[in-house]
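All remarks here apply to the structure that follows.
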Amino acid sequence: MGFLSAFDNWLVFCGKPQLMGLMQTAMDQGLRWQLRTWNKTNPTPLTNANYLPDTEYMIHAFKTHVWKGKKRWIVGNVEKSGFDHPTVKPQYVMVDALQCATNYGQTVLDCYMGTGSTGVACMTLGRKFYGVELECKYFDIACRRIEDAQRQDALFGREDAYVEVEREQLRIEMA
Ligand SMILES: C[S@@+](CC[C@H](N)C(=O)[O-])C[C@H]1O[C@@H](n2cnc3c(N)ncnc32)[C@H](O)[C@@H]1O
């Protein structure tokens with residue numbers, strides 16, 4: 001998590017074991033932080049009446065608060081994504097997270113882009129977006145989804161909402 005020190009406004013999704021370390025990182029950087037949760041109403045069932053954890057945490061570390069997202073928790077279902085990725089975030093979670101962390105027109109970097117839910121949310125909200133993804137398969141899906149969201153915005157006349165995914169620049173060569 002050393003690279004977080006390069007930023008004074010970051011948001012990390014995590015489980016319980018990572019919480020303390022991330023809070024400490026924020027405090028070491030002299031940032032304020034907010035703990036937010038996403039409570040799933042349909043956690044994955046396991047055997048013997050057990051379930052996978054139904055709560056995911058988000059640590060948002062920041063210098064200046066964006067007051068749009070005052071609520072500290074989101075409750076909702078895990079949406080079926082159809083994007084062939086095991087941990088796609090529902091769109092409403094990403095929209096909510098970005099609203100509490102950024103203002104219109106600001107730039108967002110997702111270093112673990114997956115299939116691009118953050119980028120799609122950026123299109124919806126009029127943020128600029130850079131994404132990095134290790135797996136070519138997910139990178140291509142992300143580009144398609146983000147470009148679709150861009151086209152959607154153009155269709156409805158949202159010329160001011162745009163995305164900047166530099167396909168060639170960000171593509172990581174597979175060994
Ligand atoms: C939890 S998933 C992100 C899911 C994403 N939020 C979505 O909605 O699809 C994390 C992603 O990070 C990617 N990843 C892991 N290590 C990476 C690295 N060192 N650089 C770039 N991407 C990486 C994985 O391939 C995976 O797709």
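Read-outs throughout are calculated quantities, based only on the coordinates presented, and are distinct from any laboratory measurement. Everything numeric here is computed off the predicted structure, so don't read it as measured data. A quick note on method: Cβ atoms are made from the backbone with ideal geometry, for glycine too, and the neighbour counts reach across all protein chains shown.
Distance in nm between label sites at ASN103 and ASP148, each 7 Å beyond Cα in the beta-carbon direction?
3.3 nm
Kindly state, as a whole number, the per residue volume in cubic angstrom of the convex hull around the alpha carbon atoms of segment 25-119. Spell out each step's value before the answer.
Values: hull volume 12.0 nm³, N = 95.
Cα-based convex hull of segment 25-119, divided per residue, equals 126 Å³.
Report, as a whole number in µm² per second, the diffusion coefficient that Stokes-Einstein gives for segment 1-78 at 37 °C and 0.692 mPa s using the Kirkwood radius over alpha carbon pairs.
Working: Rh = 13.8 Å.
After rounding, the answer is 238 µm²/s.
How much length is gained if the chain between ASN77 and MET27 is pulled fully straight, taking 0.36 nm per residue apart and subtracting their Cα-Cα distance, in nm to one decimal? It would help to have the intermediate numbers written out before the result.
Working: separation 50, 0.36 × 50 = 18.00 nm, distance 3.20 nm.
Full extension of this stretch gives 14.8 nm more.
Pick out, in residue order, every one of the trypsin sites (Lys or Arg not before Pro) in segment 1-69 that is DSSP loop and has at most 12 other C-beta atoms within 10 Å; say none if there are none. Can you show the working numbers first?
On the way: sites: ARG32, ARG36, LYS40, LYS63, LYS68; in loops: LYS63, LYS68.
Sparse-neighbourhood loop trypsin sites (Lys or Arg not before Pro): LYS63.
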